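Notes for the one structure printed next.
What follows draws every value from the coordinates through simple rules; no lab data is involved. Only a predicted model underlies this, so the values are computations on that prediction, with no experimental measurement involved. Because the Cβ atoms are built from the backbone with ideal geometry, glycine has one as well, and the counts that use them run over all protein chains shown.
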């Protein structure tokens, strides 16, 4: 595996873990393109995951921090009572919380053979939540950091 693809590969693992916890809401990632002949779009209610470009921990070190976010979006048109948002939020918090409290669980879920070793996951920045009146959606954003090492082969 390429060490250059760490963001995309770790993001895919986060998507897989969250998707298993939040069905039937669909979970989308930033780095993967839509299938040929289709347009990359979102339904009314969905979850987005994005692993931002890595931050080096020290000069000439393979230690990195992958700052990431999970954005839960629930449209009024699709969820008039607002029941989907807290349910999805609690499920996502459960997944990330399990990683935050257990480094071995984080490594088991987020290690990428030959490309990345996950050492820790932490909630960060407090995220954001609210209502976007223009889009008519409720949203909750959870910020996290994945810390580990890029593996050079």
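The alpha carbon gyration tensor of the stretch 72-135 gives principal lengths a ≥ b ≥ c with a/c of 1.5 or higher and a/b greater than b/c, which makes the shape prolate. Just checking the listed ones, 42, 117, 54: in the Gaussian network model of the chain with Cα springs under 10 Å, the one fluctuating most is 42. Given points 7 Å out from each Cα along the Cα-Cβ axis, report the residue 61 to residue 90 separation in nanometres with one decimal. Between residue 61 and residue 90, the label points sit 3.9 nm apart.
The C-alpha atoms of the chain define a longest principal axis, and helix 84-101 lies at about 20 degrees to it.
Counting other Cβ atoms within 10 Å as a rough exposure proxy, the listed residues 46, 149 run 149, 46 from fewest neighbours to most. State whether the chain is rounded, prolate or oblate according to the following rule on the C-alpha gyration tensor (a ≥ b ≥ c being the square roots of its eigenvalues): a/c under 1.5 gives rounded; otherwise a/b larger than b/c gives prolate, and the remaining case gives oblate. Prolate, since a/c reaches 1.5 and a/b exceeds b/c. In the chain, helices alone account for a calculated mean residue ellipticity at 222 nm of -9000 deg cm²/dmol, with every DSSP H run of four or more residues adding -39,500 (n - 2.57). A straight line joining the Cα centroids of the stretch 77-117 and the stretch 27-59 runs 15 Å. Computed from Cα positions, the angle between helix 6-22 and the longest principal axis of the chain comes to roughly 40 degrees. By the count of other C-beta atoms within 10 Å, a proxy for reagent exposure, 145, 11, 39 are ordered fewest to most as 39, 145, 11. Going from the residue with the fewest nearby Cβ atoms within 10 Å to the one with the most, 99, 138 rank 138, 99.
Modelled spin labels at residue 44 and residue 152, positioned 7 Å past Cα toward Cβ, are 5.2 nm from each other.
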